[in-house]
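Data block below; observations after.
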Amino acid sequence: MTPPRPPVETATDVRLLRIAADHLARFGPRRLTVTGVAEEAGMTHANVYRYYPSKADLIDAVAGQWLRDVEAELANVVDGPDPVEDKLERFVTAIATSYRACAVEQPTLFEVYVSAVEESRGIARKHRGRQLRLLERILEEGIATEAFAPKDRDRAVAFVIDAVQRFVNPVMVRVDARVPSGVMETRLGTMIEVVLRALHGGWV
């Protein structure tokens with residue numbers, strides 16, 4: 001029987017994730033080993049398995065830590081005092097910017113997230129769910145303040161997602177990583193303008 005996992009966010013958890021993140025960047029997911037992480041942490045690999053049942057779980061936890069940082073930024077946007085139109089623009093832009101920065105600056109980490117999306121692993125599903133709930137809050141605020149006038153709330157949420165898919169879908173972000181950032185920013189700005197006009201005008 002696998003022993004119960006200790007509580008998350010302990011000092012040991014934080015240290016293991018820091019070491020694992022460094023090993024992931026240096027060696028990649030294939031060459032990263034639990035034994036190597038354990039040795040640097042000054043513990044046995046069996047003890048690491050108390051925190052993370054497998055190497056895959058450890059690697060996903062590293063990606064999950066980055067995704068939580070992204071989610072915290074998005075939540076700050078949603079909870080902020082800005083007009084709802086600005087919130088929607090900042091929300092989408094924050095996702096696109098965070099993903100692109102990771103794809104360019106930490107490609108190994110970003111590839112872990114891409115594979116998690118493609119395989120529908122837990123970290124990807126949870127991240128998508130949290131993003132969706134935050135987006136829904138923006139739409140609901142827009143409707144309540146009459147800044148947005150969609151014909152159907154759920155269709156409006158789907159429309160926003162579809163319209164900006166190229167900029168927030170990690171697979172597409174990876175494909176476009178070599179496109180100049182200025183070009184992508186201009187394209188995203190155009191799509192956000194279309195989205196806002198559609199929500200204002202009740203096109204969806």
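Odds and ends about this structure:
- Charge dipole (the chain, unit charges on Cβ, about Cα centre) - positive-most of Y51, L88, Y99: Y51
- Excluding ligands, DNA and RNA, the accessible surface per residue across the stretch 73-204 is 53 Å² with a 1.4 Å probe.
- Taking every alpha-carbon pair in the chain and binning the separations at 5 Å intervals from zero gives 1, 7, 14, 16, 16, 13, 10, 8, 6, 4, 2, 1, 0 percent.
- With at most 10 neighbouring Cβ atoms within 10 Å, loop trypsin sites (Lys or Arg not before Pro) (DSSP) excluded, longest segment of the chain: 1-150
- Think of it as helices only: each DSSP H run of n ≥ 4 in the chain is worth -39500 (n - 2.57), and spread over all residues that comes to -25500 deg cm²/dmol at 222 nm.
- Nearest 10 degrees, 0 to 90: helix 84-105 Cα axis against the chain principal axis: 40
- Rounded to the nearest 10 degrees, the inclination of helix 11-31 to the longest alpha-carbon principal axis of the chain is 90 degrees.
- Given charges at beta-carbon only (K, R positive; D, E negative), |dipole| of the chain in Debye: 660
- Value of relative contact order over the stretch 97-180, rounded to a whole percent, pairs C-alpha under 8 Å and six or more apart: 34
- In degrees, nearest ten, helix 153-163 long axis to first principal axis of the chain (Cα): 70
- Convex hull volume of the Cα atoms of the stretch 92-144, normalised per residue: 66 Å³.
- With the charge dipole of the chain set up from +1 on Lys and Arg Cβ and -1 on Asp and Glu Cβ about the Cα centre, the Cα lying farthest toward the positive end among the listed residues L139, M172, G122 is that of G122.
- Taking GluC sites (Glu not before Pro) in DSSP loop conformation with at most 12 other Cβ atoms inside 10 Å as exposed sites, the chain has its longest uninterrupted site-free stretch at 10-118.
- Sulfur and carbon atoms: percent of accessible area, the chain [1.4 Å]: 53
The values are calculated or read from the model by the stated rules, or taken from the named source; none is laboratory data. Not measured: the values here are computed from a predicted model. Cβ atoms come from the backbone with ideal geometry, glycine included; neighbour counts cover every protein chain shown. Heavy atoms of the whole protein, side chains included, go into the accessibility calculation; ligands, DNA and RNA do not. Shrake-Rupley method; radii C 1.70, N 1.55, O 1.52, S 1.80 Å.
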